[in-house]
């Protein structure tokens, strides 16, 4: 059973601060890790993906992956109120074109 | 690029009727499409993997006779909820994948909100 765990929150962060979102996964063979943002009533939109250990930066977002600890995180710098959403961690375990296993998401609130 | 559309965006139907949801990749060909379901305050749950020209692969616990999937072309997959009941009310989201590698991104459609009365 593939599991992806996230703290459901809500996580409240002041505007301009760094928001840190965490995710752990159970399948050690997982190959790729995705962060999606989902606004209420909308479908997920991709923020970024990572598949190598270490950090990957894209604008205000940094994804961090530690496969030994089976841990992936997303940092959002200079948080804006528009970043308030639910952030979904998704894991791809390979073996062909399998679907993603999603965590339940972390509800992030950026306080103006 | 990589736009995925769904139709309809919302549907309300009576219990016992069937509902068809279309998923289209607008600017790319998708060998594989995925169907997810999301209940309120829950995460996305993969229902099935749809491959062009072959039968869909269903996740454990998903009834293949109730959720009929057809992937007739490289740009269109359909999900038909047969004999819908109130417990089938949910947000149905499809995604399309450009390739089959571990870093190939899934692009999500806008979702279809189904309400069964």
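All of the numbers you see were taken from the coordinates with simple rules; none came from a lab. Every value quoted in this text rests on a predicted model; they were computed, and no experiment measured them. Cβ atoms come from the backbone with ideal geometry, glycine included; neighbour counts cover every protein chain shown.
Observations on the structure shown:
- Base-10 log of normalised Debye intensity for the protein assembly as shown (one unit scatterer per alpha-carbon) at q = 0.07, 0.09, 0.17 Å⁻¹: -0.22, -0.37, -1.23
- Calculated P(r) tail over 20 Å for the range A:1-59, as whole % of Cα pairs: 38
- Average beta-carbon neighbours from other chains, 10 Å sphere, peptide B:105-112: 5
- For peptide B:37-49, the mean count of partner chain Cβ atoms within 10 Å of a residue's Cβ comes to 4.
- Take each residue of peptide A:68-79, count the partner chain Cβ atoms within 10 Å of its Cβ, and average: the result is 0.
- Peptides B:43-51, A:79-87, B:79-87 ranked from most to least packed by the mean count of surrounding Cβ atoms within 10 Å: B:43-51, A:79-87, B:79-87.
- A Stokes-Einstein calculation at 10 °C with viscosity 1.306 mPa s, built on the Kirkwood radius of chain B over Cα pairs, returns a diffusion coefficient of 113 µm²/s.
- Hull-based mean projected area of the range B:58-115, where the convex hull spans the alpha carbons, in square nanometres: 4.9
- Three-way shape label, the range A:27-89, alpha-carbon gyration tensor, a/c 1.5: oblate
- Percent RCO, i.e. relative contact order, over chain B, from Cα pairs under 8 Å lying at least 6 residues apart: 36
- Most fluctuating residue given options B:91, B:67, B:39, as computed from a GNM of chain B linking Cα atoms under 10 Å: B:39
- Pairs of alpha carbons in chain A whose separation is greater than 18 Å (percent): 45
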